[in-house]
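Participant: Before anything else, here's the structure in question.
The values are calculated or read from the model by the stated rules, or taken from the named source; none is laboratory data. Small disclaimer: the values here were computed from a predicted structure and weren't measured. Please note: Cβ atoms are built from the backbone with ideal geometry, for glycine as well, and neighbour counts cover all protein chains shown. Heavy atoms of the whole protein, side chains included, go into the accessibility calculation; ligands, DNA and RNA do not. Shrake-Rupley method; radii C 1.70, N 1.55, O 1.52, S 1.80 Å.
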Amino acid sequence: MTPPLQRPPRKGVLKRTRTATLPPNRRSRAAHALTKAAAESRFALQCCSECNTFAYPPRDCCPVCLSTVLPLRDAPNEGVLVSDTLVRVPADVYFRERAPWRIGLVHLDCGPIMVAHVHGDCHEGEKVRMSLQLDKAGQAVAFAAPTSMTPNSTDDAQWRELTADPRFRRVLVTNGRSEIGQEIALALVEAGASNVFVGVAQPWKPFRGEDRLVGVSGIQLVPLDLADEKSVFNLAADIAGRTDIVVNTAEHIRPGGLLTRNGVSHFRDEIEQSYIGFVHLAQAFGPVMRIRGADGTNSAAAWVNIFSVYSLANWPAYGAYSASQAAVLSLSHCLRSELQPGGIRVMNVFTGPLDTEWYQTLPPPKVAPKFVADSVVRALRSGTEEVFVGDVAEDLRRRLAANPKALERELGL
């Protein structure tokens, strides 16, 4: 049985910060298909379109009929742990630092045999549940877990290496004035975060929902205006070295596209709040988080961005806002690459229209901020990199994959 995770002691100020190391990250082009599935928390394998044989490891032709058409398809995720071993002296530096490390062979119900990282509560000869996870190098790996939850199962050391569980970690939520920021802060406290810093621009000015945050154990309001470079760097000087997870909830939602607005003031506001604010935040907190990627139980772990799903396909009714979101999404991909050497995950959460005042006139379905907050916590606990929240976001994702041009025309109607 997995022992419960203990609250880590405070790190000594003179103690050296360990340099982050990464697991082997070389993959074939065919294997990168699994990375897409792992990023979305799907268990998917190559499946031959001719004989319906599931194939693993990824390859260029079917091992049965030699067909070269092997699309990725969701697969049954149960199997039997055939054998396992505890590696006590690994050759690779990353695994050597975390030894002993458990690996095993799993015979999947759908056919293939997989080499997988194995949860400590799994037993040889028993059924296990498989998942594809992103390791700290950003590559897909197989993980075998018990078919049912066991006590303290999320505290397994190998599982925590593949996720960003907020338990005992310190989190910065950038916008406490928004309803979504408030809900995320409360959800993180409930999930076991040891401290949640909630940024508030113009802290002298009261705001709706302030009473929900004040007095909650574990939540600390801090002055933060992302559009003000000095405000961001002053806060970073105080808490960047103690921040393990950043949740960027900045928003500046306004309706309208190019021809329904006069001048550039609205466009400038959106860019300053979203794009420039993201730049300030990344430059202030990013370098410190990258250094702290191997700092133990409460090491820096993740950077979470909340996006509109229309960052992927412009919605002319909110055209300028969609464009600013698309610009920040592009920056998040840059940030993901630059934080990778520290093993820091960059998670993008895409939502449909929220059930807030700026989408008041839109008909349902809309997404409740509380649902987004719960989705963020689930994503951190499971290590998901791309999260689509709500019916609208899921529908747009499927339509974008099926026919981008048709989606472009339909959004313009």
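Participant: Less than 14 Å Cβ to Cβ from PHE168, Lys/Arg counted +1 and Asp/Glu -1: what total charge do the surrounding residues give? Present the calculation step by step, with values, prior to reporting the outcome.
Facilitator: Working: positive: ARG7, ARG10, LYS11, ARG160, ARG167, ARG169, ARG170, ARG242, ARG381; negative: ASP155, ASP165, GLU190, ASP244, ASP295.
It works out to a net charge of +4.
Participant: A further question follows. Kindly sort GLU210, GLU190 by accessible area of their heavy atoms, largest first, with the probe set to 1.4 Å.
Facilitator: Details: GLU210 50, GLU190 155 Å².
The ranking, largest first, comes out as GLU190, GLU210.
Participant: How much accessible area per residue does the stretch 9-132 have, counting only protein heavy atoms and a probe of 1.4 Å, in square angstrom? Walk me through the intermediate numbers first.
Facilitator: Values: 7240 Å² over 124 residues.
Accessible surface, normalised per residue, equals 58 Å².
Participant: Okay, next question. In percent, how large is the relative contact order of the stretch 50-146, given Cα pairs closer than 8 Å and 6 or more residues apart?
Facilitator: Working: 183 pairs, mean separation 23.6, N = 97.
Once divided by the residue count of the stretch 50-146, the mean separation gives 24 percent.
Participant: Distance between the C-alpha centers of the stretch 268-310 and the stretch 1-30? Whole Å please.
Facilitator: Value for the Cα centre distance between the two parts: 20 Å.
Participant: In addition: By how many nm would the segment from GLU97 to THR68 lengthen if fully extended, with 0.36 nm per residue of separation less the alpha-carbon distance? Could you put the intermediate results ahead of the total?
Facilitator: Working: separation 29, 0.36 × 29 = 10.44 nm, distance 4.01 nm.
Using 0.36 nm per residue and subtracting the Cα-Cα distance, I get 6.4 nm.
Participant: Could you check the simple spin-label distance between LYS11 and LEU221, using points 7 Å along Cα→Cβ, in nm with one decimal?
Facilitator: 3.0 nm
Participant: Right, here's the next one. So, in nm, how far is label ASP228 from label SER337 when the simple model puts each one 7 Å beyond its Cα toward the Cβ?
Facilitator: Once both label points are built, they end up 3.4 nm from each other.
Participant: Note down the nm distance, to one decimal, between modelled labels 7 Å out along Cα→Cβ at ASN403 and at LYS370.
Facilitator: 3.9 nm
Participant: Calculate, for the stretch 302-413, the solvent-accessible area per residue in square angstrom, rolling a 1.4 angstrom probe over the heavy atoms of the protein chains.
Facilitator: Values: 4700 Å² over 112 residues.
On a per-residue basis, 42 Å².
Participant: From the residues LEU70, CYS48, SER330, which one has its Cα farthest along the dipole of the chain in the positive direction, the dipole being from +1 and -1 charges on Cβ of Lys/Arg and Asp/Glu about the Cα centre?
Facilitator: So the residue furthest toward the plus end is SER330.
Participant: In the Gaussian network model of the chain, springs joining C-alpha atoms below 10 Å, which of CYS110, CYS334, CYS51 carries the largest mean-square fluctuation?
Facilitator: CYS51
Participant: Related question: Below 17 Å, Cα to Cα, which lysines can LYS366 reach? Residues fewer than 8 away in the same chain don't count.
Facilitator: The qualifying lysines are none; the list is empty.
Participant: For the stretch 75-171, how big is Rg over Rh, using alpha carbon atoms and the Kirkwood form of Rh? The partial results should precede the final answer.
Facilitator: On the way: Rg = 13.5 Å, Rh = 14.0 Å.
Radius of gyration over Kirkwood radius for the stretch 75-171 works out to 0.96.
Participant: Rounded to a whole number, what % of the accessible area of the stretch 368-409 do carbon and sulfur atoms account for, probe 1.4 Å? Could the numbers behind the result be given before it?
Facilitator: Values: 1120 of 2070 Å².
About 54 percent, which is the carbon plus sulfur part of the accessible surface.
Participant: How many angstrom lie between the Cα centre of the stretch 69-91 and the Cα centre of the stretch 137-209?
Facilitator: Centre-to-centre (Cα) distance: 28 Å.
Participant: How long is the gain from ALA157 to ALA30 if the chain were fully straight, where each residue apart is worth 0.36 nm and the alpha carbon distance is subtracted? Write out the running numbers ahead of the final one.
Facilitator: Details: separation 127, 0.36 × 127 = 45.72 nm, distance 2.94 nm.
Between ALA157 and ALA30, full extension yields 42.8 nm more.
Participant: Which GluC sites (Glu not before Pro) does the stretch 65-162 hold that lie in a coil by DSSP with at most 14 other beta carbons within 10 Å? Working shown, then result.
Facilitator: Working: sites: GLU78, GLU97, GLU124, GLU126, GLU161; in loops: GLU124, GLU126.
Within the stretch 65-162, the qualifying GluC sites (Glu not before Pro) (loop, at most 14 other Cβ atoms within 10 Å) are GLU124, GLU126.
Participant: Sticking with this structure for a sec: Can you give the local net charge around ALA30? Use residues other than it whose beta-carbon is closer than 11 angstrom to its beta-carbon, Lys and Arg +1, Asp and Glu -1.
Facilitator: Working: positive: ARG27, ARG29, ARG59; negative: ASP60.
Value of the local net charge: +2.
Participant: State the percentage of accessible surface on the stretch 129-186 attributable to carbon and sulfur atoms; use a 1.4 Å probe and exclude ligands, DNA and RNA. Kindly include the intermediate steps, with their values, before the conclusion.
Facilitator: On the way: 740 of 1510 Å².
The value for the stretch 129-186 is 49 percent carbon and sulfur by accessible area.
Participant: So for ARG254, ARG381, ARG7, what's the accessible-area order with a 1.4 Å probe, most first? Before the final figure, lay out the partial values.
Facilitator: Working: ARG254 70, ARG381 100, ARG7 145 Å².
Correct descending sequence by accessible area is ARG7, ARG381, ARG254.
Participant: Expressed as a whole percentage, what fraction of the accessible surface of the stretch 1-106 belongs to carbon and sulfur atoms when a 1.4 Å probe is rolled over the protein heavy atoms? Let's see the in-between values first.
Facilitator: Details: 3770 of 6800 Å².
Reported share for carbon and sulfur atoms: 55 percent.
Participant: Still on this structure, please answer the following. Return the lysines within reach of LYS136: Cα separation strictly under 28 angstrom, same-chain partners fewer than 8 residues apart disregarded; answer none if there are no such residues.
Facilitator: Hits, sequence-local ones excluded: LYS11, LYS15, LYS36, LYS127.
Participant: For P(r) over Cα pairs in 20 Å bins from 0, in percent, the choices are (1) 26, 50, 20, 4, 0; (2) 28, 58, 14, 0; (3) 25, 55, 20, 0; which was calculated from the structure?
Facilitator: Comparing each candidate, only (3) matches the computed number.
Participant: Mind ranking PHE54, PHE278 by accessible surface for me, highest first, 1.4 Å probe?
Facilitator: Output order, biggest surface exposure first: PHE54, PHE278.
Participant: Relative contact order (percent) for the stretch 189-245, with alpha-carbon contacts under 8 angstrom and 6 or more residues of separation?
Facilitator: Here the relative contact order equals 33 percent.
Participant: Hey, how much of the P(r) for the stretch 94-141 falls beyond 17 Å, as a percent of Cα pairs?
Facilitator: Values: 449 of 1128 pairs.
Of all Cα-Cα pairs in the stretch 94-141, 40 percent lie more than 17 Å apart.
Participant: Go through the stretch 90-103 residue by residue and turn each phi into a ³J(HN,Hα) via Karplus (6.51, -1.76, 1.60, θ = phi - 60°); whole Hz please, and just put x for glycine and proline.
Facilitator: Listing the rounded values in order: x, 7, 6, 4, 4, 6, 4, 5, 10, 5, x, 10, 9, 10 Hz.
Participant: How high is the relative contact order of the chain, given as a whole-number percent (alpha carbon pairs under 8 Å, six or more residues apart)? Let's see the in-between values first.
Facilitator: Details: 843 pairs, mean separation 63.6, N = 413.
Relative contact order here is 15 percent.
Participant: Under a Cβ-Cβ cut-off of 12 Å, what is the net charge of the residues other than GLY104 that fall near it, where Lys and Arg count +1 and Asp and Glu count -1?
Facilitator: On the way: positive: ARG102; negative: ASP84, GLU124, GLU126.
Every neighbour counted, the sum reads -2.
Participant: Let me cross-check ARG42: its accessible surface, 1.4 Å probe, with only protein heavy atoms counted, in Å² to the nearest 10?
Facilitator: 70 Å²
Participant: Rounded to the nearest 20 Debye, what is the dipole magnitude of the chain about its Cα centre when Lys and Arg each give +1 and Asp and Glu each give -1 at the C-beta?
Facilitator: Details: 46 positive and 43 negative charges, 201 e Å.
The dipole magnitude comes to about 960 debye.
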